[in-house]
Amino acid sequence: MIGQGRIQVSPLAMATVAASVAGGRTVVPWLVGSAPPEAAAPATPLTSAEADALRALMRGVVTDGGARFLQDVPGPEVLAKTGTAQTGSGADLHNHVWMIAVQGDLAVAVFVETGEYGSTTAGPLLEQFLTATAGLV
């Protein structure tokens, strides 16, 4: 789980966020079964303007932000967001670090339980994964 204080989310949920932003609609993960599940209508659907803005912001993380190292990944352009969340307290305080990304029709979340920052710890793992999957998206 990725979390700050009492707010927690799974890496699958964060990859779903990335997929939903890229698709401009609510994406529902499909893990098991002969047919994909039907998406429940969101309380407030994402508008096309909101989806466009979020995609531009996530692309900006790659072109002008902490994920510039993803600019040279082969294949379609990458959209990404970094994250760092502190957990524990006192001597047990440490960072959960993560990154989400979309490339083509691939959405991914990388989570590292203890690290420095999303861009410096999870980022290189994400870059390796996207480079290894080049040509598959």
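Here, each number is a calculation from the coordinates, and none is a lab measurement. Source: prediction; values computed, not measured.
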Exercise for review: Quote the Stokes-Einstein diffusion coefficient, in whole µm² s⁻¹, for the chain, based on the Kirkwood radius over alpha carbon pairs, a temperature of 4 °C and a viscosity of 1.567 mPa s.
Suggested key: 82
Study note, to complete from the structure: Taking every C-alpha to C-alpha distance in segment 13-53 and binning by 10 Å from 0, the per-bin percentages run 29, 52, 17, 2
Practice item. Would you mind computing Rg(Cα) / (2.2 N^0.38 Å) for segment 83-127, counting N as its residues? Key: 1.26
Review point. Can you give the three extents of the C-alpha atoms in segment 36-112 along their principal axes, from longest to shortest, in whole Å?
Key: 45, 36, 25
**Study point:** the chain - mean residue ellipticity at 222 nm from DSSP helices (-39,500 (n - 2.57) per run, n ≥ 4, rounded to 500)
**Key:** -9000 deg cm²/dmol
Review point. Convex hull volume of the Cα atoms in segment 4-83, per residue, in Å³?
Key: 142
Review point. What residue among 42, 74, 124 has the largest mean-square fluctuation in a Gaussian network model of the chain, using Cα springs under 10 Å?
Key: 42
